[in-house]
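Accompanying notes for the structure given below.
The values are calculated or read from the model by the stated rules, or taken from the named source; none is laboratory data. Every value quoted in this text rests on a predicted model; they were computed, and no experiment measured them. Neighbour counts run over all protein chains shown; Cβ positions are idealised from the backbone, glycine included. Note: areas computed on protein heavy atoms with side chains; ligands, DNA, RNA excluded. Shrake-Rupley method; radii C 1.70, N 1.55, O 1.52, S 1.80 Å.
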Amino acid sequence: MKLTKNLNFKQKSLVNLAAIILVTIIIFYFFVYVYIEKVKTANKLLIEHRVQFETNLIKEEKFAKIRKNLNQIESELNLINKAFINENNKLEFITMLEGLASKHNVQMEIKINFDSIDPKDKSIILNLNTSGSYKNLLNLLQSLENLDFYVNIDNLSFSNSKISSNRSSLLGGTTAGSNNLNLLVQAKTYWR
C-alpha cells in the first residue's frame, strides 16, 4: 500500500481497475478459456457421434428392408430352382420325355449332347424328331410347354409323310397308308 500513498484518487482507481481487469483476464484464461475449448471439443465429438448414429440408423433400416426382401425372395427361390433341371437327373429327364411320347402315342427320337453345356447360361440344345398324328403332336407340344422345367422351343418344323404298313404298326396301330406328320423340335433346356 505504500505504492498507492503517493497517488491521487484517480490514479488509485485506474490501478485498481487495471488489477481487476488483469485478474479477470487471468481467471478467464485459466478457467473459462480451457472450458470453452473442452466444450468445443465435446460439441465436435457430439456432432460426430450424432452423424454416426444417424448413419447407423439409416443402415439398420436398409438392412431390415433388405432382410424382409430376402425372406420374400427365399420363399420364391424354390419355384425358380424347380424351373432348372438338375444335372444329376439327366436320365430322369430323358425318361420323362420318353414317357410323354408314349403317353401321346408319338414316336420320338431324342438328340441331346450333355457335354455341350453353354457355360454362360448353362443351357443345352435339345432336338426331338417326332412323328404321329397332328392331334397327338400338338398334345405333346402342349405337354412340353407345361413342364415345370424351362424348355424354350426355338424352332418347330412340321412335314407330312406317308408311312408304310410296317412302320404304322410300330406307331400305335395306324392303318396302312395313313398320313402322319413328322415334327422336328429344337429347344433349349436350362440346367443347374
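With Rh defined as the Kirkwood radius, the inverse of the mean 1/r over Cα pairs, the Rg/Rh of the chain is 1.81. Sorting 46-53, 121-128 by their mean Cβ neighbour count within 10 Å, with the most densely packed peptide first, gives 121-128, 46-53. Seen from Lys122, the other residues with C-beta closer than 12 Å to its C-beta sum to a net charge of 0, counting Lys and Arg as +1 and Asp and Glu as -1. What a 1.4 Å probe finds exposed on region 17-156 is 59% carbon and sulfur by accessible area, rounded to a whole percent. Checking the cross-link filter: which lysines have an alpha carbon closer than 27 Å to that of Lys65, excluding same-chain neighbours under 8 positions apart? Straight-line reach from Lys65, under 27 Å: Lys82. The residues of region 64-113 have, on average, 74 Å² of accessible surface per residue, using a 1.4 Å probe with all protein chains present. Looking at the chain alone, DSSP beta bridges between its own residues are antiparallel in about 95 percent of cases.
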